[in-house]
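Enquirer: Let me give you the structure first, and then I'll get to my questions.
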Protein chains: 2
Amino acid sequence: MTVTLADVAARAGVSAATVSRVLNSNYPVAEATRDRVLRAVAELEYVANGPASALAAATSDLVGILVNDVADPFFGVLASAVQAEMSDGGGPGGEKLAVVCNTGGSPERELTYLTLLHRQRAGAVVLTGGAVEDSAHTAALAARIARLAAAGTQVVLCGRPPLPAAAAGAHAAEAPAANGPRAAGRAAARAVGAGPAPLTVAFDNRGGARALTEHLVGLGHRRIGCVAGPERLTTTRHRLEGHRAALAAHGVEDAPGRTVHGAYDRASGYAAAHELLRRDDRLTAVVAANDTVALGVCAALRERGLRVPEDVSVAGFDDLPFSADAVPALTTVRLPLGHAGALAGRLAMGREPAPPAGVTLLSSELVIRNSTAPL
Amino acid sequence: MTVTLADVAARAGVSAATVSRVLNSNYPVAEATRDRVLRAVAELEYVANGPASALAAATSDLVGILVNDVADPFFGVLASAVQAEMSDGGGPGGEKLAVVCNTGGSPERELTYLTLLHRQRAGAVVLTGGAVEDSAHTAALAARIARLAAAGTQVVLCGRPPLPAAAAGAHAAEAPAANGPRAAGRAAARAVGAGPAPLTVAFDNRGGARALTEHLVGLGHRRIGCVAGPERLTTTRHRLEGHRAALAAHGVEDAPGRTVHGAYDRASGYAAAHELLRRDDRLTAVVAANDTVALGVCAALRERGLRVPEDVSVAGFDDLPFSADAVPALTTVRLPLGHAGALAGRLAMGREPAPPAGVTLLSSELVIRNSTAPL
DNA sequence: CTGTTAGCGCTTTCAG
DNA sequence: CTGAAAGCGCTAACAG
C-alpha cells in the first residue's frame, strides 16, 4: 500500500503533526527533528496525498489557466508566461501545479473547466483570450466566477475585458492579504461569502487596431478590406471598433461588404481574402484579425497573382514570433503577451498588488514592416 | 459557507449516501429520488468537493499531459489532440480534468510535475516530446514513473522511445531531494505492486530523416549541412542517425563540421545556418531539426543573398501547419501528430487496447514541396 | 517545540 | 432501493 504521513511519523519517531509541520514549513520545528523527518520521507519515498491535504486545509496547490486553443501560438506564449510565473511558488514549499486547460473556444467547455477547477478547489484561475459576448453565457460565467471567488479562488482575466459590473457580483471589496495566515482568508471567505474580486489584464485592442488602420490610410489606402475574428467575441469587436474609428476619423467610407468574419486561423484568412476580392477586386489593403489570419490572406492573394505589398498591403495583429519571418515580414500590432501573462500570473498568486479598480490596460504598439506599402 | 453533500441530502430529504449514488450513477437509485436529488443539487448550486471525493475514493478525475513547450506548435497540436481525447470522459459522469503542464524542456521540472501529478493522484499521465538522454535523469524518471504506475496511474509516452528496460526497474536509484543526507534504505519501494505498465506511442524519426536526406541526395546534393536539435535528446539522436544512415547508404561523405546542434526554435536555425556557411560556404542543402528551425535557416540564407531552393535547398521536419504556407513552401517530413495524440489519449484512458509490447510506432511521410530542388 | 484531538466532505460496506 | 457508520490521509487548534 502507499506510504502515508503516519508511516513517516512512525519511522521518524514523531507525531503526524510534526511531519506535517516540517513538510509545510509553516511552523517552527527543531533542526534535529526536521532532519530525522526528512530522512524518513526520503527513505520511504513518501509522496503526500494532495487530495487529503486539500480537504483538510480547504485549499489546494492547483492553479489553472484557461486558453481557447493550445495549438495557437498566441495562447501558447501567453500560457507559457502565466505558467512560469505561477509555477515557481515564490517561496519554499510553494510548489504549485500550474495547469493549462484547453477550451477550444467553446463556452460550454469554459464553464465545465471552471467547475472542474472549482471542484478541485484550485487556488487561482487565469482566463485568457477574448470572451464570447452572449448574455446567457456572460451571466453563467459571472456566476461561476463569483462562486469561485466565494470559495477563495483568485480569478484573473487576461486579454479580455473585465466582467460587466452588474454581473460581477455585489462584492468588489477589499484586496485579500494573500500572504497572511491562510486561516484568516479562509475564515473571511466563509463568513462573508465574498472572496477575492476578479482582476483584469486587458490589451488595448481598440487603440492598436485604430493605429494600424490609420497607418494604412496614411499610406493612401481607401479600399481596405477587413477580415475580422469570430463574431460575438470581445476581441473581435474591439479591433473592429478601432478599425472603424480610424476610417471615420479620416472620412473614409466603410463600405458594408468590406468586412468578413472568420475564425482565428489561416484557413479563415485564406477564404476571407477570396471572398473579399470577389466582392470588390479593387481592394488595395486588408487588415486581418491576427497574424495567422494575415498569412492566410497573403496565400490567397498570391494565388490570385497579387503581390504583397505592391498590389495589396496586408496587416496582421499580435506580432507573434513568426510574423517577423514571414515573407514579406508582417506589419502588425505588437501585444505584450509575455508581459501580460507574467502580470496575470503574479496577480493570481497574490504576488503583485492589485491595480486600481482591478484593471490594468496594456498598450499595444504598431510595428511597421514590409507587408504594407504606399498605394 | 460552501454547500456540501449533506446540505443537498437534507434538502432532498435523503441520506448523503444516496446523493453520492445519484451523482456518481454507480448504483441503482429510484427514478423519483434521483430527480429530487438532482433538483436539490441545482437549487443549491452544489459543486462537489473534488479533494474529498479523491480522498475517499482514492482516485481523482485529474489527468495530465506534459509538454516541453506550450508555445511550440508541435506540442500545441499534440497536446490539443491528447486533451480532446482525454477530456470527453467517454461516458456519463466521466468528466475528466485534462490539464497540460509545461516543463520548458527542463528535466527537473519534468520530475517536479510528475511528483505533483502523483500527489494529486492523477488517473493518467501522458509525457510528450523527446526525452533527455542522461542516465541520472533517465533513472530518476523511470523511478517516478514506476511509482506512478504503482499508484495505479496509467503512464503513456508519446513522441519518445519507451523507457529502457533496465531503467524501468531502477527504483530508488535517484539522488535524494534538495536537503537531507543520502538515504540508505530502499526497503519500502520493494513490495509495491506493479500497476499498469507504461505504454508508448513513438514516431519513426529515424526513418523519416533517412527518407528526407535520401530525397536530397537523389536531387544530387552532396554537401548537406545539418542543423540538429538539442544534444542528448532522443528525438535529435534518432533524426541524426537517420540522416547519417542515408548519407552512408549512398556513399556520401559526412564531413564532421557539417552538423550543428541547437534548440528547436527559429533563432537556433538562423544562427546555425550562419555557422554552417562560415565553415563551408559551398553547402547546397540544409536539413533542419524541424520546420521552425528551417524557417530560421531560410532567413539566414536570404540574408546572405542565397535563394531557396535555387542556391540552397532547405528541408524541415514535422510538417506543422505553417510549413505549407511558408515561402517557399517547406519540404518536410510529416508526423501524424493529431493521430498520435489521440491514440495516446485513448491509451491513457484505457479506451484503446494496449498494443503488443506496449509500443506503437507511427510512420512518417516525406512531403516534397518547393524548398528543395535539384542541384 | 511537539503531541493530542478533532474533523474536512465524500465514498463505501453493511444492514435494513 | 436507501440509511447508518466507518474511515480515506492530512491539517489545525489546543494543550503540554
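Enquirer: For region B:266-289, check the following and say yes or no: at least one residue is of a type in the set (Asp, Glu), at negative phi and within 12 Å of another protein chain (Cβ to nearest Cβ).
Expert: Step one: list which residues in region B:266-289 are of a type in the set (Asp, Glu), which gives B:275, B:280-281.
Next, only the ones that are at negative phi stay: B:275, B:280-281.
Checking the rest, the ones that are also within 12 Å of another protein chain (Cβ to nearest Cβ) come to none.
For region B:266-289, residues of a type in the set (Asp, Glu), at negative phi and within 12 Å of another protein chain (Cβ to nearest Cβ): absent.
Enquirer: Could you count how many residues in region A:245-269 are open to solvent by 50 Å² or more (accessible area, probe 1.4 Å) and touching a helix residue (DSSP H, G or I) at 6+ places or on another chain (Cβ under 8 Å)?
Expert: Looking only at region A:245-269, we keep the residues that are open to solvent by 50 Å² or more (accessible area, probe 1.4 Å), and these are A:248-251, A:253-254, A:256, A:261, A:264-267.
From what is left, the residues that are touching a helix residue (DSSP H, G or I) at 6+ places or on another chain (Cβ under 8 Å) are A:249-250, A:253-254, A:261, A:264-267.
Of the residues in region A:245-269, 9 are open to solvent by 50 Å² or more (accessible area, probe 1.4 Å) and touching a helix residue (DSSP H, G or I) at 6+ places or on another chain (Cβ under 8 Å).
Enquirer: Only one of these is part of a helix (DSSP H, G or I) and either modelled with pLDDT of 95 or more or aromatic (Phe, Trp, Tyr) (or both): A:Ala357, A:Ala342, A:Ala373. Name it.
Expert: Values: A:Ala357 fails: either modelled with pLDDT of 95 or more or aromatic (Phe, Trp, Tyr) (or both); A:Ala373 fails: part of a helix (DSSP H, G or I).
Step by step, each of A:Ala357, A:Ala342, A:Ala373 is checked, and only A:Ala342 is part of a helix (DSSP H, G or I) and either modelled with pLDDT of 95 or more or aromatic (Phe, Trp, Tyr) (or both).
Enquirer: Looking at region A:1-44, what helices (runs of 4 or more DSSP H) fall wholly within it and have at least 3 residues that are within 8 Å of DNA strand D (Cβ to nearest atom) and open to solvent by 60 Å² or more (accessible area, probe 1.4 Å)?
Expert: Working: elements: A:5-12, A:16-24, A:31-44.
Ranges flagged: A:16-24.
Enquirer: Which of the residues belonging to region A:93-124 are of a type in the set (A, V, I, L, M, F, W, C) and within 12 Å of chain B (Cβ to nearest Cβ)?
Expert: Here is the first cut: in region A:93-124, the residues of a type in the set (A, V, I, L, M, F, W, C) are A:97-101, A:111, A:114, A:116-117, A:122, A:124.
Correct list: A:Leu97, A:Ala98, A:Val99, A:Val100, A:Cys101, A:Leu111, A:Leu114, A:Leu116, A:Leu117, A:Ala122.
Enquirer: Moving on to the next point. Among the residues of region B:142-156, which ones are open to solvent by 10 Å² or more (accessible area, probe 1.4 Å) and either more than 12 Å from chain A (Cβ to nearest Cβ) or outside any helix (DSSP H, G or I) (or both)? Explain how you work it out, then say what you get.
Expert: Pass one, region B:142-156, residues open to solvent by 10 Å² or more (accessible area, probe 1.4 Å): B:144, B:146-147, B:150-152, B:154.
Result: B:Ala151, B:Gly152, B:Gln154.
Enquirer: Determine which single condition B:Val312 fails, assuming it passes every other condition in (1) within 14 Å of chain A (Cβ to nearest Cβ); (2) touching a residue at least 24 places away in the same chain (Cβ under 8 Å).
Expert: Unmet condition: (1).
Enquirer: Name the one entry in A:Val82, A:Val67, A:Val99 that is away from DNA strand D (no atom under 16 Å from the Cβ), at pLDDT 95 or above and buried (at least 21 other Cβ atoms within 10 Å of the Cβ).
Expert: Values: A:Val82 fails: at pLDDT 95 or above; A:Val99 fails: at pLDDT 95 or above.
Criteria check complete, one pass: A:Val67.
Enquirer: Using the structure shown, decide if A:Arg206 is on the phi > 0 side of the Ramachandran plot and either in the same structural domain as A:Tyr264 (by TED's automatic domain parsing) or open to solvent by 10 Å² or more (accessible area, probe 1.4 Å) (or both). Working first, answer last.
Expert: On the way: on the phi > 0 side of the Ramachandran plot: no; either in the same structural domain as A:Tyr264 (by TED's automatic domain parsing) or open to solvent by 10 Å² or more (accessible area, probe 1.4 Å) (or both): yes.
Judged against the criteria, A:Arg206 is not a match.
Enquirer: Any chance you could count how many residues in region B:194-203 are at pLDDT 85 or above and either farther than 24 Å from B:Leu148 by Cβ or open to solvent by 50 Å² or more (accessible area, probe 1.4 Å) (or both)?
Expert: Residues meeting the conditions: 2.
Enquirer: Being over 16 Å from the mean Cα position of the chain (by Cα) and modelled with pLDDT of 95 or more is the filter here, so list the residues in region A:139-162 that pass it.
Expert: None - no residue of region A:139-162 is over 16 Å from the mean Cα position of the chain (by Cα) and modelled with pLDDT of 95 or more, so the list stays empty.
Enquirer: Let me ask something else about it. Condition test on A:His274, is it more than 15 Å from A:Phe322 (Cβ to Cβ) and open to solvent by 50 Å² or more (accessible area, probe 1.4 Å)?
Expert: Details: more than 15 Å from A:Phe322 (Cβ to Cβ): yes; open to solvent by 50 Å² or more (accessible area, probe 1.4 Å): no.
The answer is no for A:His274.
Enquirer: Then there's this: Among all residue pairs at least 6 apart or on different chains, which show Cβ distances below 8 Å where the first residue, located in region A:39-64, is within 15 Å of DNA strand C (Cβ to nearest atom) and the second is among the aromatic types (Phe, Trp, Tyr)?
Expert: Taking only residues 6 or more apart or on different chains, the pairs are A:Ala40/A:Tyr46.
Enquirer: Is it the case that B:Ala168 is in contact with a helix residue (DSSP H, G or I) (Cβ under 6 Å, 6 or more places away or on another chain) and either open to solvent by less than 50 Å² (accessible area, probe 1.4 Å) or modelled with pLDDT of 95 or more (or both)?
Expert: Numbers: in contact with a helix residue (DSSP H, G or I) (Cβ under 6 Å, 6 or more places away or on another chain): yes; either open to solvent by less than 50 Å² (accessible area, probe 1.4 Å) or modelled with pLDDT of 95 or more (or both): yes.
Yes: the conditions hold for B:Ala168.
Enquirer: Examine region B:177-193 for a residue that is modelled with pLDDT of 50 or more, assigned to a loop (DSSP other than H, G, I, E, B), surrounded by fewer than 17 Cβ atoms within 10 Å (Cβ to Cβ) and within 14 Å of chain A (Cβ to nearest Cβ), and state whether such a residue exists.
Expert: Of region B:177-193, the ones modelled with pLDDT of 50 or more are B:193.
Imposing the further condition that a residue be assigned to a loop (DSSP other than H, G, I, E, B) reduces the set to B:193.
When the remaining residues are screened for being surrounded by fewer than 17 Cβ atoms within 10 Å (Cβ to Cβ), the result is B:193.
Adding the requirement that they be within 14 Å of chain A (Cβ to nearest Cβ) leaves B:193.
For region B:177-193, residues modelled with pLDDT of 50 or more, assigned to a loop (DSSP other than H, G, I, E, B), surrounded by fewer than 17 Cβ atoms within 10 Å (Cβ to Cβ) and within 14 Å of chain A (Cβ to nearest Cβ): present.
Let's see how each residue does on (1) touching a residue at least 60 places away in the same chain (Cβ under 8 Å); (2) basic (Lys, Arg); (3) under 20 Å from A:Pro198 (Cα atoms):
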residue	(1), (2), (3)
A:Phe74	yes, no, no
A:Ala84	yes, no, no
A:Asp88	no, no, no
A:Gly104	no, no, no
A:Arg119	no, yes, yes
A:Ala131	yes, no, yes
A:Ala146	no, no, yes
A:Ala150	no, no, yes
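Enquirer: A follow-up question, please. Among (1) under 14 Å from A:Ala202 (Cα atoms); (2) within 14 Å of chain B (Cβ to nearest Cβ), there is one condition A:Arg369 misses while meeting the rest; what is its number?
Expert: (1)
The values are calculated or read from the model by the stated rules, or taken from the named source; none is laboratory data. The structure displayed is predicted, hence computed values, not measured ones. So basically every Cβ, Gly included, is an ideal-geometry build from the backbone, and we count neighbours across all protein chains shown. Just so you know, the surface numbers come from the protein's heavy atoms only, side chains and all, with ligands and any DNA or RNA stripped out. Shrake-Rupley method; radii C 1.70, N 1.55, O 1.52, S 1.80 Å.
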